[in-house]
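For reference, the structure discussed in these notes is given below.
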Amino acid sequence: MSFLTTNLAALDGRRPELAAALRNLAAAGGAGEGAGEGLAVPALELKPTRSGRPSATLRGAWLHSRYDPAAEGAAFADASLGAATELTLLFGFGLGYAAEALLAAGVAVVAVEPEARVLAAALASRDLSAALADPGLTLLAADLAEGCRGGPVDAGGVEAAVSAAIDGIEPRGLRLAEHPAYARLYPELAERLRALAGRYTEKDRINEATLKRFGRRWVRNLAANAALIPRLPGIAELRDAYRGLPALILAAGPSLDEALPYLAELRERTLVICVDTALRSALRAGVEPDYTVVVDPQYWNARHLDRCEAPGSALVTEPAVWPAALRGRWRARYLCSSLYPLGRYLEARCGRPKGALGAGGSVSTSAWDFARQLGCSPIYIAGLDLSFPGGHTHARASLFEQRALAEGGRLKPAADALFAAMRGGRPYRAPANDGGSVVSDRRLSLYAWWFESRAARHPETLSRTLSRGGLRIPGLPLAELAELLALPRRRAEIDAVGTALAEARLGDGPEAAAGTALASLLDELRRVEGLCRRGLALAGSGDLDGLAGLDAELLASEAKDVVGFLFSSVDELVGARANTMEESLAQSARLYRSLAESARWHAEILGAAEPS
């Protein structure tokens, strides 16, 4: 059996559509004799080496060592790793040596090969079946990505495909590893992947800082809300409920004020989905939204709902939200799947899955994904500025603007607070929807990138922005208010769906499920604490066999993600990679001590909140 046949058989089990495309390439004339052996790619030449393993050149550039490509791949992989690396974005699969070494190190790999015919030739050159069957490897051929099929490589389409692969893995630490030859041969694609990796790195940095500051609060919120998890239905129950109906999302950017005078008329024509920060503005315009999305667990975020009575609106939230948000008067309450390990643990034991909402750092991103899952199309968004048009940060009625006005004085006017907010996130000028430019910042640009990548991933969902002076987002073109006002009236249909959902009395698991799940978790947390205390003793005595067995027990624990949640990064926890056995044992001791403390703290919090 040929290498290509063996490798494609392995790839069939993980990426059957890619395997089929490569098989078709071989059948269409790229293959030589022997069912794929000697695949003819004029730009790629296989080269023998002293080690006996093949190397290759691509358009004259060496992809691997001329002497020992496997050893070079191992060194390349080692240089790409950090203590906290959970995923490597590998630009240039080549003949697979670096990917094999990264997988052997226990790191997930998303490997991007620019040309499918080069990838097919690589799979015809050597046995890569073990790597191709490894669940840690995601292999992408750039010119087969959506929007590139049958044509030149489109960097934007590849970026969307890579983003989808990364988001599916949800790593807490990502690094880019690029072969120098690929960077020279495909400079535009290399630049896009560097920018993409940079965005994920920036997102990880923000998430780490947020976790360090608020992680314990999120655990407390989840403990307080645990009893509601089996009682409240999930957003999965609403999927496609509004198929084909237009939706209007209300975000809280300054341009929301331009839409508010027309909001009552727009409500007659669209399903209205409001983010928490915009609810006050909608109510002042005399409109209760159909759904209000609240996903940020922080205390100050819940304050956006103060004195905002919307009994005709349904709440969409996550189990870690500040408890007061769930106690408000709502037409109905729906949960999405939690982003946090404790929430996921409880959800898995308390009934059907709630349904995940896309999270791009902003509640607006979650609201858009909710509208998409409802089946709405087109989706219009008002107030999605992701910038500071006119020097403002939010709509006039928002808590942010009102606090600035209330706290301002003659010597410290409200403009000072607004200016500080605008200047605090590394501002820069960027293109606006009206053809001019507007001031945005690095944090807001991450939200814009999320919308751009999701628009590319879901081209079937037509999305438009109403923010004329806001940040221009590819895939989210500008629409005029007149376009919405010209839509037919659909309020009767929208209300009929809402009434049917309310009468269905959607429910979930038994109320006692939360108490049972918490009791089981408490037992496991106490066991984990005991294991970590034993690990401290084993690390002190240098018992490597004992440590290996103990680590296997910890990794098999159902509570491992809950216990590890509060650690923003492994780098911070244990430091740089160890160079000696003594350093490695000292790092192990620090890790066990921290895990034991985390298990103990979680047990205290959950024990106090355990439902009767």
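Only the coordinates and a few stated rules stand behind these numbers; no lab work does. Quantities reported herein were computed from a predicted structural model and do not represent experimental measurements. Note that each Cβ is placed from the backbone with ideal geometry, even for glycine, and that neighbours are counted across all protein chains shown.
Structure values in brief
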| read-out | value |
| --- | --- |
| Nearest-ten-degree value, helix 414-423 long axis tilted from longest Cα axis of the chain | 10 degrees |
| Tilt relative to the chain, helix 187-225 - C-alpha long axis, 0 to 90 degrees, to 10 | 50 degrees |
| The chain: angle of helix 544-556 to the longest principal axis, Cα-based, in degrees nearest 10 | 40 degrees |
| Per residue convex hull volume, Cα atoms of the chain, in Å³ | 185 Å³ |
| Rounded to 5, the percent of DSSP beta bridges in the chain classed as antiparallel | 25 percent |
| Peptides 87-99, 536-548 ordered by average Cβ neighbours within 10 Å, highest first | 87-99, 536-548 |
| Modelled label reach - GLU202, point 7 Å along Cα→Cβ, region 370-389 residues with backbone N closer than 16 Å | 386-388 |
| Net +/- balance of residues flanking ASP68 in space, Cβ distance below 15 Å, scoring K and R +1, D and E -1 | +2 |
| Dipole of the chain, positive end: most advanced residue of LEU478, ALA367, LEU263 [Cβ charges, Cα centre] | LEU263 |
| Relative frequency of Cα-Cα separations exceeding 22 Å in region 95-227, percent | 47 percent |
| Ordering of 445-453, 550-558, 378-386, 163-171 by burial proxy (mean other Cβ atoms within 10 Å per residue, highest first) | 378-386, 445-453, 163-171, 550-558 |
| Extension reserve of the ARG464-GLU170 stretch, reckoned as 0.36 nm per residue once the Cα distance is removed | 103.1 nm |
| Percentage, to the nearest whole number, of Cα pairs in region 513-609 over 24 Å apart | 22 percent |
| Listed peptides 580-587, 349-356, 362-369 by packing density, highest first (mean Cβ within 10 Å) | 362-369, 349-356, 580-587 |
| At R0 = 35 Å, FRET efficiency that the Cβ-Cβ distance of SER557 and ALA43 yields, to 0.05 | 0.10 |
| Long-range tail of P(r) for region 3-205 (Cα pairs > 21 Å, %) | 49 percent |
| Translational diffusion coefficient (Stokes-Einstein; Kirkwood radius from C-alpha pairs) of region 272-336 at 10 °C, 1.306 mPa s, in µm²/s | 140 µm²/s |
| Net charge dipole size for the chain [Lys, Arg +1 and Asp, Glu -1 on Cβ; Debye, nearest 20] | 1380 debye |
| Helix-only [θ]222 nm of the chain, DSSP H runs n ≥ 4, -39500 (n - 2.57) each, per residue, nearest 500 | -14500 deg cm²/dmol |
